[in-house]
Structures are given as C-alpha cells and as structure tokens.
C-alpha cells in the first residue's frame with residue numbers, strides 16, 4: 001500500500017485539459033512491468049491518489065500516463081513539470097488480450113480519453129505489425145481540438161493501420177467526419193468470425209459498439225471493454241469499485257463484453 | 001459451525017468469578033490489552049477493560065427493530081445480554097488508522113509506513129456470531145492475494161475468549177446463518193455463564209473450554225475443577241434457551257440466486273421509501289469492510305499523511321467518479337448492500353457476508369429488517385410480479 005517515489009521525465013500537453021507524463025523511478029525501487037490496459041495509482045503530494053491507466057508502450061519500459069484534468073488530483077497531475085515528484089503503486093488489474101489477438105483482425109475503438117489505455121495496444125501493433133491481420137483504430141472525440149495523440153496518427157497509418165476519426169462537433173474548417181464512433185463500425189472490413197475488438201469509452205458508447213460489432217458477426221466473447229468505477233485501494237480491500245460480484249480493480253478493468261454487458265443494463269448497479 | 005455444544009463441553013472445567021478475575025489479570029500481566037463489554041451511554045459497548053469489575057454486572061439489554069434499551073437484571077450475571085452496537089471489528093479493522101506518511105524534500109518524496117505497532121489484544125466476550133464475523137473478515141482482509149497488514153497484525157496476535165449465548169433477542173438469527181449460538185472453534189477459551197442455586201446457596205460459575213494450546217495453558221493457571229453433569233446440563237440448557245429465543249429465521253435457501261436474479265424487484269423501491277440511507281447498518285455490521293482514504297498535509301506543505309477510515313455504501317460519495325455518482329438512489333444503495341451481503345459475497349469470498357448478529361436490525365432508525373426484506377423479495381419473485389425487466393432497458397432503444 002506504500003507508493004514508490006517516481007519523477008516526471010517528460011511532459012506533453014495533449015489538449016487544453018489533457019496532459020501526458022512519462023515517469024521514472026526516483027530511487028532504487030520500481031513497479032513491476034505492466035501489460036497493456038493495466039493501471040497505476042498515482043499519488044500527488046497533498047492532492048490525493050487517482051487510478052490512471054498506463055498509456056505507453058509496455059515493451060519499451062517507459063511508464064507513460066495520460067490524464068484529463070477533472071478533479072483535484074488529476075488537476076495536480078496535469079500541473080506537474082519535468083523533474084517533479086509523484087508516488088506510484090501498481091500495476092493493477094486485467095489487461096487487453098493482445099497475445100490472443102495475434103493472427104487475427106483487430107478493431108480498436110476509443111471514445112475521448114479512452115484512447116489512453118488503448119495506446120499500448122496500438123504501440124504493440126506498430127512494433128509487431130506482421131503478427132496481426134487487418135487493424136482498424138476508430139477514434140471518437142468531442143471536437144477536433146480534443147483529439148489525443150494526433151501527431152501519431154500518421155505513424156500508425158504508415159504501419160498499415162486503418163485510422164478513422166470522427167468528432168461530435170466541429171468548426172467549419174474541419175474536413176473530417178462528424179458523428180458517433182459507432183457509425184464507423186458497419187463500414188469495417190474484417191473477418192468477424194475470428195476478429196477481436198478492444199473498446200474503451202463511456203459505458204453507453206461501449207454498449208452500442210458491442211451491438212454494432214455483434215451485427216457484423218463479432219461474438220461478445222471477443223469484444224473487450226474497460227470499466228470505470230471509484231477506486232481507493234486498487235487491491236480489492238476498500239469495496240468502492242464493486243460492480244455486481246466483481247471488484248473492477250482486480251477482476252477488471254478489462255473484461256470480455258459477454259461478462260459485463262448484461263450488467264451494464266442494470267441501472268445504478 | 002457452532003451447533004454441537006456437546007463436543008465442546010466434553011473436556012470442560014468450571015471456574016468461579018474469582019477464577020475469571022484471575023484469568024483477566026493474568027492476560028494483562030502477560031502484556032495483552034484487554035478489550036471486552038462494559039456498560040456506557042446506555043448500551044453495552046466494547047472498550048479496554050482493567051478487569052472483571054468493568055464488566056456490565058447485572059445489566060441486560062432489550063432489543064427489537066430500531067430499539068435498544070438497557071435494563072437491570074435480578075441477578076449479577078456478567079454476560080446477561082447479547083451483542084451491542086460495537087463489534088470487535090473496531091479493534092481489528094480500526095475505524096480510522098494511518099496508512100502511511102510522506103515527507104517532501106528537495107530531491108523527492110520519502111514514504112514510510114504509518115502508526116505505532118498495534119497492541120496485542122485479548123478479546124473477552126466474543127459471541128459466536130462475532131467469531132463467525134472474524135472468520136468472514138479474515139477472508140476479506142487476509143485471505144486474498146492482497147493482505148491488509150494492519151488487520152493481519154492485530155488479528156494474528158489476538159487472544160480470544162468467547163462467551164456462548166444463553167439468551168437471544170428477536171433480532172438474533174445466528175442459527176439461520178449457521179453461526180451460533182454456540183461457537184465450536186476459533187477461540188482460545190470459551191465460557192458459558194451458569195447462574196443458579198445449589199444446596200440453597202447462590203452460585204455464579206463459568207463452564208470453560210479451551211480451543212487452543214495457549215488457551216489450555218491459560219486455563220491450567222486458574223483454580224478450576226472438572227465440569228460435572230450438573231454444570232454441563234445447566235450450560236446446555238442455556239444454549240438451548242438462546243436457540244429457542246432466537247427471532248424469525250432468515251430463509252437462506254437459494255438467497256444467493258434470489259438476489260442475483262432480482263435486481264429490478266419492486267421490493268427495492270418499497271424499501272427505498274423507508275430507508276434513510278444513513279449507513280448505520282454498515283457501521284454496526286461486524287463484516288462490512290469498506291473503507292475510504294483521506295489525505296492530510298501540514299501547513300508548510302512538507303509532511304502529508306494518508307488515513308483510512310470506514311466508509312459506507314449508503315453515501316453518495318462512495319460510488320462517485322468524475323461526472324457523477326454511480327448509485328444516486330437509495331434503492332440502488334440498499335440493493336447493493338443487501339445483495340453484496342447475501343449474494344455477491346459468495347462470489348467474492350466463498351461465504352455469506354451475514355452472520356445473523358441482528359445489529360443492522362436493532363440499529364436501523366426505521367427498523368428495516370433484512371429478514372423481512374428477503375422474504376418480501378422472495379414473495380414477489382414467486383408471484384412473478386411485473387418487474388422492470390432488464391430486457392426493456394435502453395439497449396432496445398435507438399442508436400447512441
């Protein structure tokens with residue numbers, strides 16, 4: 001339960017309210033190597049501790065977190081500069097089944113900040129492109145200014161990844177697509193009988209993505225989603241993240257949709 | 001668990017009031033911090049005790065849904081009451097405890113574990129339901145991959161003196177949960193208080209059994225005699241009296257599936273019209289384990305501490321994530337509490353989360369009785385009342 005001292009090594013302002021920080025151990029101790037989709041608890045001095053997904057390449061060993069400033073602790077996170085100290089506990093939770101997706105078509109769907117926990121998967125594809133079939137990344141954002149990792153889209157496309165972007169609203173100068181990310185799903189060209197999908201975003205968005213993917217023929221056992229619940233301890237002791245029988249911190253956050261989909265329909269569970 | 005009194009009484013001894021006093025003094029001399037029942041603020045509460053004189057001699061309790069009263073007994077029984085608002089949870093899983101502290105220096109942060117070492121506790125008056133509750137909390141706090149070191153330290157050192165119940169209240173239903181009224185394992189020593197007359201002389205004795213080698217050792221140091229048929233009979237009669245006085249049963253058959261399969265039962269709406277969402281039930285429950293954390297910082301901004309305190313799933317903040325509260329309604333909060341206790345607890349920890357102590361019934365300000373709620377949910381499910389079926393919720397609607 002004791003955080004390990006870390007330090008910010010790199011800071012990138014992604015959007016008006018979102019910041020990416022790379023962190024490295026400040027002393028001899030370090031957390032275990034993470035897997036794509038896992039999260040850490042980040043302690044910001046005096047501001048508290050927050051669960052933040054790891055959004056960097058698990059293989060390169062660099063620990064990267066992208067966070068949107070929505071509360072006291074995440075605002076403190078976004079204010080950190082290079083060299084600043086923070087505490088890290090982790091990594092926690094289940095991970096995207098990237099290894100099982102090898103040899104298959106892969107659909108990655110992100111809504112807003114939901115792209116952050118999926119980026120380690122995209123990194124894996126970029127670094128091992130030959131191991132996967134057709135790979136699509138569908139990205140939804142509120143406005144063009146809210147798009148995450150925009151500078152990397154070209155790199156992804158260069159690795160034969162089908163990157164498609166859509167926004168809820170845009171100024172007149174936007175030449176891209178406007179609409180829901182779910183509307184992109186019917187146009188996917190994948191081998192749905194074997195493909196895997198990994199989806200992260202608001203619950204309602206994930207539900208409708210699962211529905212559209214099912215319509216394509218993709219079984220709910222191969223559609224993976226991540227759940228978000230209140231977390232204080234991240235080790236199944238504080239009770240806050242309960243979602244039916246699960247503790248999202250250790251039984252999740254990544255789940256096959258077949259497991260959590262029915263529960264998502266129960267209001268206020 | 002806790003049903004066959006005969007076996008535990010086989011090697012029983014008898015001690016008198018003086019013997020009990022010596023036991024308590026001896027434990028304190030051995031360095032234990034003695035915690036047990038005492039009468040205070042109109043209730044039998046748990047506190048640190050100096051010795052036998054701090055016990056609630058001659059007091060009893062009257063308990064019903066939403067009601068608790070202390071009354072004088074017409075004898076000097078030391079354990080003539082059942083469970084009060086406190087459970088030993090407050091010592092094993094303290095209501096507020098420091099997890100760690102951090103010092104900010106020029107070259108970074110330095111974290112260190114919180115607080116002083118815990119006392120070595122001797123718990124007196126652990127009823128069968130509370131012993132069962134400890135076993136339930138053991139699974140939660142130290143039975144998983146992640147162990148809570150604070151609980152582990154307190155639990156592993158604790159010396160447990162059980163008291164088998166010889167009375168029960170209408171709020172009691174430990175027998176339904178297989179938890180009591182007699183504990184048959186998990187204690188170091190167990191007592192049954194026997195009051196009566198023999199040859200015209202009033203007698204006040206305790207039939208005592210040891211459950212562990214260190215319990216045997218403690219018993220050996222006391223003046224005692226082997227229990228005779230008479231004392232054993234009196235003890236058994238007491239246990240039977242408790243069993244007989246027990247309140248309505250909680251029908252446990254199929255309750256796990258019942259609550260899992262009825263998240264939209266109209267009964268949740270019904271109970272929500274009565275429930276105040278005050279959280280009393282979670283605070284008096286001996287198995288509820290949820291906690292939150294709080295950070296404090298000194299004025300210079302150099303030293304911060306992280307404290308853990310009990311939390312309740314009945315608060316709005318409990319389920320808060322940015323953008324809103326997952327369970328804004330009382331309906332959802334009561335459903336979460338009861339479903340967790342009697343159903344999903346099995347999925348998580350392989351046991352029920354309820355031991356039948358009845359505290360949540362007594363201390364609910366509006367007298368909600370979970371036994372009645374379960375029965376009502378079952379009735380409605382059996383009658384197949386039109387529920388808000390899950391299949392008619394949004395997924396059938398239009399596109400996102």
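No lab work stands behind these numbers, since they all come straight from the coordinates. The structure presented is a predicted model; accordingly, all values stated were derived computationally and were not measured. Cβ coordinates were reconstructed from backbone atoms using ideal geometry, including for glycine residues, and neighbour counts include every protein chain displayed.
Per-residue ellipticity at 222 nm, computed for chain B from helices alone with -39500 (n - 2.57) per DSSP H run of at least four residues, works out to -8500 deg cm²/dmol. Taking a point 7 Å out from the Cα of residue B:249 in the direction of its Cβ, the residues of region B:166-208 whose backbone N falls within less than 18 Å of it are B:169-182.
Between the C-alpha center of region B:228-306 and that of region B:83-148 there is a gap of 18 Å. Working ranking of peptides B:323-331, B:83-91 by packing, defined as the average number of other Cβ atoms within 10 Å per residue, highest first, is B:83-91, B:323-331. Mind checking the angle between helix B:229-245 and chain B's longest principal axis? C-alpha axes, 0 to 90 degrees, to the nearest 10. For B:229-245 against chain B, the angle is about 30 degrees. Note on residue A:24 and residue A:215: their simple-model spin labels are 4.9 nm apart, each label 7 Å out from Cα toward Cβ.
Would you mind checking region A:93-110 for residues with the amide N under 19 Å from a putative spin-label position 7 Å along Cα→C-beta of residue A:59? Output list for this probe position: A:95-108. Taking a label point 7 Å from the Cα of residue A:17 along the Cα→Cβ vector, which residues of region A:88-130 have an amide N closer than 11 Å to it? Residues A:113 fall inside that zone.
For region A:106-226, just say rounded, prolate or oblate: build the C-alpha gyration tensor, square-root its eigenvalues into a ≥ b ≥ c, call rounded for a/c under 1.5, and beyond that prolate if a/b exceeds b/c, oblate if not. Since a/c reaches 1.5 but b/c is at least a/b, the shape of region A:106-226 is classed as oblate. Counting neighbouring Cβ atoms within 10 Å and putting the fewest first, the residues A:166, A:66, B:171, A:155 line up as A:155, A:166, A:66, B:171.
Here r is the Cβ-Cβ distance between residue A:79 and residue B:28 and R0 is 51 Å; the resulting FRET efficiency, rounded to 0.05, is 0.45. The mean number of Cβ atoms from other chains found within 10 Å of a Cβ in peptide A:244-250 is 4, as a whole number. Look at A:134, B:155 and count the other Cβ atoms within 10 Å of each Cβ; fewest to most, that gives A:134, B:155. Springs join every pair of Cα atoms under 10 Å in this Gaussian network model of chain A, and among A:141, A:154, A:101 the largest mean-square fluctuation is at A:154. Counting Cβ atoms of other protein chains within 10 Å of each Cβ in B:103-111 and taking the mean gives 5. Note on residue B:21 and residue B:309: the model spin-label points, each 7 Å out from Cα along the C-beta direction, lie 4.1 nm apart. If you take the Cα centroid of region B:14-44 and the Cα centroid of region A:197-259, the two points sit 51 Å apart. Summary of the geometry: region B:314-363 and region A:1-74, compared by the centres of their Cα atoms, lie 31 Å apart. A crude spin-label estimate for the pair residue B:383 and residue B:110, with each label 7 Å from Cα along the Cβ direction, gives 6.8 nm. Counts of other chain beta carbons within 10 angstrom of each beta carbon in peptide A:64-73 average 1.
In chain A, helical runs assigned H by DSSP with n ≥ 4 each contribute -39500 (n - 2.57); averaged across all residues and rounded to the nearest 500, the mean residue ellipticity at 222 nm is -5000 deg cm²/dmol. Ranked for footprinting exposure by Cβ neighbours inside 10 Å, fewest first, A:173, A:74, B:176 give A:173, B:176, A:74.
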